[in-house]
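Enquirer: Would you mind keeping the following structure in view while I ask a few things?
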Amino acid sequence: MTVNDDVFTDWKNREEIAESMIPIIGRLHREKDVTVLLHSRSLVNKSVVSILKTHRFARQIAGEELSVTETMPFLQALTTLDLGPSQIDLGMLASTYRADDRGLSVEEFTARAVVGATGENKLERRSAQDVVLYGFGRIGRLVARLLIEKASGNGLRLKAIVVRGGGDDDLVKRASLLRRDSIHGQFQGTITVDEANNKLVVNGNEITVIYSNDPSEVDYTEYGIKDAILIDNTGKWRDREGLSKHLRPGIAKVVLTAPGKGDVPNIVHGVNHDMIKPDEQIISCASCTTNAIVPPLKAMEDEYGVLRGHVETVHSFTNDQNLLDNYHKADRRGRSAPLNMVITETGAASAVAKALPDLQAKITGSSIRVPVPDVSIAILNLQLKRETNRDEVLDYLRDISLTSPLKRQIDFTDSPDAVSSDFIGSRHASIVDAGATKVDGDNAILYLWYDNEFGYSCQVVRVVQYISGVEYPTFPAPAA
């Protein structure tokens with residue numbers, strides 16, 4: 001047998017193992033509300049090739065390639081445990097098992113690593129949390145995709161979408177925009193339009209479409225909705241007074257997908273979400289850029305201290321700009337978005353103080369809109385409190401992306417050919433580009449990619465999960 005034959009045989013063996021993993025992952029998700037991860041990347045509803053690629057990608061972020069032959073025994077061990085709702089990371093299990101010197105079997109090690117998901121400490125599956133989307137634009141439709149994806153467990157349930165009436169075939173057109181997206185691709189599932197009842201049936205879930213021009217007109221209890229979390233994707237109201245209009249019968253809390261004004265808490269999941277007061281009814285998820293810069297900024301502050309910083313965002317164009325030159329109330333944004341780089345303002349730097357109130361460093365910011373439809377990059381230029389070097393910073397940030405409580409927010413890439421389109425669909429708030437990172441003494445310049453649509457939507461859903469009590473624990477637990 002030749003070397004090429006050996007390689008091909010190994011590939012076929014791994015294909016067979018990955019194929020056998022799919023039904024196990026599916027049963028754990030459906031029956032026990034367990035999401036199986038590999039280094040923070042979900043393996044639920046993934047194809048054979050996707051599972052193999054995710055394992056190979058582990059080499060880039062963890063410095064070592066994982067094989068399905070290594071992770072399959074841990075997955076099989078999970079099937080023998082009395083698991084509760086949780087997220088279990090096979091990559092973390094395999095890597096920590098390698099370093100363990102207690103001589104435990106895979107089964108013993110797995111049982112100990114997921115303690116808290118088993119036995120007396122097992123979380124009980126609870127009734128689904130009703131969610132309402134107010135507005136159905138770019139963020140609204142992506143949040144809808146994520147909520148529908150999570151409806152297979154007992155976590156979040158999208159019950160209704162509130163929109164302004166759009167004339168004939170409105171429901172059909174909105175369903176079509178959910179089904180097909182020029183950037184994020186086809187929706188993975190089935191969508192049926194029930195025009196007679198103003199409903200969309202998506203992957204078996206009935207979602208009522210409510211037409212209204214004014215939040216104060218809607219009584220959500222009439223649609224069987226109770227104690228729901230409403231996500232405002234319009235950005236029309238950003239202060240407490242305006243957002244309070246949503247607190248109608250059937251709505252318990254309001255989450256804004258834009259920076260909040262006044263005393264509205266601006267929340268970046270992973271950084272300050274645990275500061276939300278239980279009785280707080282109105283919160284903001286800040287902006288996509290704030291979510292991109294705050295987690296790595298916190299990581300750098302924790303390890304090195306930050307004296308001052310500046311963030312320059314190179315941001316994809318958005319719907320509030322014009323396709324062709326036309327009037328716009330803001331400076332420069334009236335000029336054609338697909339044809340120009342447009343200097344504009346960003347409130348992300350000033351929002352840092354709300355998410356990181358203990359950070360004393362002054363952070364300034366500016367932004368340039370560029371002719372790409374999605375994925376942006378933030379260039380974070382920091383003066384640190386102590387000197388360091390590039391290798392130390394990269395090793396630290398790589399470890400943060402793998403094992404820390406910020407691993408769902410911060411990703412890491414050392415690909416020499418990475419460009420913006422590579423990060424479409426990233427579920428992280430930001431991705432550290434190792435190749436572009438510069439460090440000179442006490443000065444560090446980080447290049448942070450972020451999918452300003454999908455990555456941000458994932459952060460929004462994480463906040464909603466947290467405030468509704470369905471943000472399940474991850475095992476093995478990340479290092480504090």
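The values are calculated or read from the model by the stated rules, or taken from the named source; none is laboratory data. All values reported here derive from a predicted model rather than from experimental measurement. Neighbour counts run over all protein chains shown; Cβ positions are idealised from the backbone, glycine included.
Enquirer: Take the conditions assigned to a loop (DSSP other than H, G, I, E, B), surrounded by fewer than 16 Cβ atoms within 10 Å (Cβ to Cβ) and in contact (Cβ under 8 Å) with a residue 40 or more places away in the chain and apply them to residue 319. Does it pass?
Expert: For residue 319, the condition - assigned to a loop (DSSP other than H, G, I, E, B), surrounded by fewer than 16 Cβ atoms within 10 Å (Cβ to Cβ) and in contact (Cβ under 8 Å) with a residue 40 or more places away in the chain - is met.
Enquirer: For residue 110, work out the one condition from (1) modelled with pLDDT of 90 or more; (2) crowded, with 20+ Cβ neighbours inside 10 Å; (3) under 24 Å from the mean Cα position of the chain (by Cα) it doesn't fulfil.
Expert: Just one mismatch for residue 110, condition (3).
Enquirer: Check region 361-382 and report whether any residue there is aliphatic (A, V, I, L, M), touching a Leu at 6+ places or on another chain (Cβ under 8 Å) and in a loop (DSSP other than H, G, I, E, B).
Expert: yes
Enquirer: Give me the pairs, please: first residue somewhere in region 350-368 and in the same structural domain as residue 307 (by TED's automatic domain parsing), second residue anywhere and assigned to a loop (DSSP other than H, G, I, E, B) and among the acidic types (Asp, Glu), beta-carbon distance under 9 Å, and either six or more positions apart or on two chains.
Expert: 365/345; 366/345; 367/345
Enquirer: Residue 178 passes all but one of (1) assigned to a strand (DSSP E or B); (2) in contact with a Lys or Arg (Cβ under 9 Å, 6 or more places away or on another chain); (3) within 23 Å of residue 320 (Cα to Cα); which number fails?
Expert: Evaluating residue 178 over (1) assigned to a strand (DSSP E or B); (2) in contact with a Lys or Arg (Cβ under 9 Å, 6 or more places away or on another chain); (3) within 23 Å of residue 320 (Cα to Cα) leaves (1) as the failure.
Enquirer: Which residues, counting only those in region 16-32, are surrounded by 15 or more Cβ atoms within 10 Å (Cβ to Cβ) and either of a type in the set (D, E, K, R) or in contact with a Pro (Cβ under 7 Å, 6 or more places away or on another chain) (or both)?
Expert: Across region 16-32, the qualifying residue is only 32.
Enquirer: Let me ask another. For residue 232, state whether it is under 22 Å from residue 468 (Cα atoms) and touching a Pro at 6+ places or on another chain (Cβ under 8 Å).
Expert: Taking the combined requirement at face value, the residue does not satisfy it.
Enquirer: Then there is this: Looking at (1) modelled with pLDDT under 90; (2) closer than 22 Å to residue 405 by Cβ; (3) crowded, with 22+ Cβ neighbours inside 10 Å, can you tell me which one residue 89 breaks?
Expert: (1)
Enquirer: If I filter region 431-453 for residues that are modelled with pLDDT of 95 or more, surrounded by 22 or more Cβ atoms within 10 Å (Cβ to Cβ) and hydroxyl-bearing (Ser, Thr, Tyr), do I get at least one hit?
Expert: Scanning region 431-453, I find at least one residue that is modelled with pLDDT of 95 or more, surrounded by 22 or more Cβ atoms within 10 Å (Cβ to Cβ) and hydroxyl-bearing (Ser, Thr, Tyr), so the answer is yes.
Enquirer: Would a scan of region 173-183 turn up a residue that is surrounded by 18 or more Cβ atoms within 10 Å (Cβ to Cβ), of a type in the set (Lys, Arg) and under 28 Å from residue 422 (Cα atoms)?
Expert: The answer is yes, given that some residue of region 173-183 is surrounded by 18 or more Cβ atoms within 10 Å (Cβ to Cβ), of a type in the set (Lys, Arg) and under 28 Å from residue 422 (Cα atoms).
Enquirer: Here is a check on your reading of the model: is residue 277 surrounded by 15 or more Cβ atoms within 10 Å (Cβ to Cβ), without any contact (Cβ under 8 Å) to a residue 40 or more places away in the chain, in a loop (DSSP other than H, G, I, E, B) and within 26 Å of the chain's Cα centre (by Cα)?
Expert: Answer is no for this residue.
Enquirer: Which one of these does residue 478 not meet: (1) touching a Pro at 6+ places or on another chain (Cβ under 6 Å); (2) at pLDDT below 95; (3) crowded, with 20+ Cβ neighbours inside 10 Å?
Expert: (3)
Enquirer: Restricted to region 136-173, and to residues that are over 17 Å from residue 232 (Cα atoms) and charged (D, E, K, R), which residue is modelled with the lowest pLDDT?
Expert: If we take residues in region 136-173 being over 17 Å from residue 232 (Cα atoms) and charged (D, E, K, R), then 150 is modelled with the lowest pLDDT.
Enquirer: How about region 451-480: which of its residues are closer than 18 Å to residue 147 by Cα and hydroxyl-bearing (Ser, Thr, Tyr)?
Expert: 456, 457, 466, 468, 472
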